[in-house]
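The values are calculated or read from the model by the stated rules, or taken from the named source; none is laboratory data. None of these values were measured; they are calculated from a predicted model. For neighbour counting, all protein chains shown are included, and Cβ atoms are generated from backbone atoms with ideal geometry for every residue, glycine included. The accessibility values were calculated without ligands, DNA or RNA, using every heavy atom of the protein model including side chains. Shrake-Rupley method; radii C 1.70, N 1.55, O 1.52, S 1.80 Å.
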Amino acid sequence: MLSEQIRKFTSATERSKLIAFTTLSFALLYHILIQVTFYKLNVNVMFFYNFFSISCFLGLLIAIKKVNSMIVPYIIACMEVIAHQILSDIYLGTYSGFHYFILLIGLLPFLVFGSSFKLSLFFSLITSTVFVILENIDIEPLYIVSNIVIKEIRFFNIFFSVAMILVINLIYTFIVYVVEKNLEQKNKNLDNEIKMASVIQQSFFKQDIANLKGVDIACYSRAMAGVSGDIYDVYKNGDEIEGVAIFDVSGHGISSGLVTMLVKNIIEQEFSNNKDLELWEILNNINDRVIEEKGDIENYLTGILVRYLGNKLEIAIAGHPNPIFYQKSSGRCVYFNPIKESVGAIGISDLPVFYTSDYIDFEVGDEIILYSDGVCDVVNEQNISFGSDRLLKTVKCVIDENADEQIENISKQIRMFRGKKHQNDDITVIVLKKTDE
């Protein structure tokens with residue numbers, strides 16, 4: 001029961017009501033005590049006026065739990081405080097009044113109006129103006145009361161306002177503590193959910209790609225924050241490879257990670273069920289299905305499909321960074337340059353797309369390196385990007401090694417370059433190398 005009450009304070013409305021309830025309670029108590037004072041001083045006008053004040057704050061106190069907006073109760077309370085201070089000036093003199101009550105009530109909107117900063121500022125400016133005017137007006141009292149009594153009233157006002165400020169500060173400190181604890185627990189729960197989602201995703205993507213005939217293949221993927229928006233896949237039939245894919249979903253975190261679970265199946269189905277179609281046609285099918293099945297989800301994706309054809313590779317690119325191609329016979333290690341550039345990513349409705357297929361020779365010792373844009377976008381502590389030139393240079397240095405060693409060394413170079421800088425995107429690298437049959 002207590003924990004349920006504490007959880008209420010995480011609501012902005014409940015916090016506002018608590019501060020308003022505390023302030024109104026102080027105001028009610030103040031007017032009851034000051035009415036007794038006016039009665040003893042025989043200041044009849046103020047004595048009878050305080051019946052109205054007590055009724056006003058008592059009514060607000062009763063109604064405060066039922067209202068959805070604090071604006072009307074605040075205006076009523078604000079008008080009463082200003083009227084009370086003006087009447088105190090008129091009947092007891094300027095010195096007896098404590099105009100700082102007006103200044104204090106001008107700060108309350110920032111606590112009880114939530115995110116309505118402009119409205120809070122408006123009321124604060126009005127009350128501040130009234131405070132300045134009253135502070136600079138000298139009024140002769142209609143009732144003659146000894147200076148000692150006047151000073152006692154003033155000190156009482158000061159004491160009461162300080163006590164109210166202290167109590168409100170303590171309450172607000174408690175609220176902040178409760179909210180922080182609540183956020184801490186929610187963050188802990190969210191971290192656990194992200195870890196679980198990451199485990200599920202890794203299990204979903206996990207494949208046995210060892211001992212495939214004629215190729216040496218290795219993959220590396222590291223999420224920026226638990227769940228990755230990168231998709232990589234190896235298509236095979238028994239121990240024979242049919243193709244590979246790499247796709248990058250826009251955005252980061254759980255939302256993009258969930259999209260990967262959806263589109264991975266779409267890509268795999270279209271690739272496996274349409275062996276008679278060229279890859280550019282398959283990309284069109286994938287684009288249509290992703291648009292239809294993801295609905296209003298705004299994420300889109302870029303990617304590359306590669307079909308293994310023995311001594312050739314078919315490559316189709318959809319808005320993704322071009323892969324690196326190494327030709328052993330010539331020693332050339334360059335970024336693949338398609339005959340015609342494809343246009344458009346995948347999953348954006350009403351966006352015209354144009355995909356093409358390219359065919360390249362793929363002999364023993366040749367290899368292709370696919371990667372997500374997070375690799376080149378890695379930034380070090382000097383805010384320098386890893387970049388495509390550095391990636392190509394890194395690949396050239398390890399090109400004679402097997403696929404696992406290449407992946408290990410490429411990822412190591414990326415980590416060393418990044419240093420202590422936080423990873424700013426998901427990272428995926430795939431190395432596909434042709435070996436002896």
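A few remarks follow.
- Normalised convex hull volume, the stretch 359-437, alpha-carbon set, Å³ per residue: 96 Å³
- For the stretch 79-100 versus the stretch 126-178, the inter-centroid distance based on Cα atoms is 10 Å.
- Between the stretch 334-359 and the stretch 248-318, the Cα center-to-center distance that results, in Å: 12 Å
- In terms of accessible area, using a 1.4 Å probe and ignoring ligands and nucleic acids, Thr129, Thr435 rank largest first as Thr129, Thr435.
- Residue-wise HN-Hα coupling along the stretch 238-254, computed from phi with Karplus coefficients 6.51, -1.76, 1.60 (Hz; x: Gly, Pro): x, 9, 10, 7, 10, x, 9, 9, 9, 9, 10, 7, 5, x, 9, x, 5
- Carbon/sulfur fraction of accessible area - the chain, other protein chains in place, 1.4 Å, %: 58 percent
- Rounded FRET efficiency, nearest 0.05, which uses the C-beta distance separating Arg154 from Ala225 and R0 of 51 Å: 0.30
- Binned Cα-Cα distance frequencies in the chain - 10 Å width, integer %: 4, 17, 19, 12, 8, 9, 11, 9, 7, 3, 1, 0
- Distant-in-sequence amide H partners of Ala218 (H built 1.01 Å from N, under 5 Å): Val431
- Label-point separation in nm, Asn42 to Ser330, each point 7 Å along Cα→Cβ: 11.4 nm
- Note on surface exposure: His84, His422 rank His422, His84 by accessible area, highest first, 1.4 Å probe.
- Members of Lys118/Lys181; Lys294/Lys340; Lys17/Lys181; Lys213/Lys275; Lys188/Lys412 lying beyond 24 Å, as alpha-carbon distances in this model show: Lys118/Lys181; Lys294/Lys340; Lys188/Lys412
- Note: relative contact order over the chain, using C-alpha pairs below 8 Å and six or more positions apart, is 13 percent.
- When the stretch 271-363 is reduced to its Cα atoms, the Kirkwood hydrodynamic radius in Å: 14.2 Å
- Using a Förster distance of 60 Å, the FRET efficiency for Tyr359-His422 (Cβ separation, nearest 0.05): 0.90
- Residues Cys397 and Asn274, FRET efficiency given R0 of 51 Å [Cβ-Cβ distance, rounded to 0.05]: 0.85
- Solvent-accessible heavy-atom area per residue, rounded to whole Å², over the chain at 1.4 Å: 52 Å²
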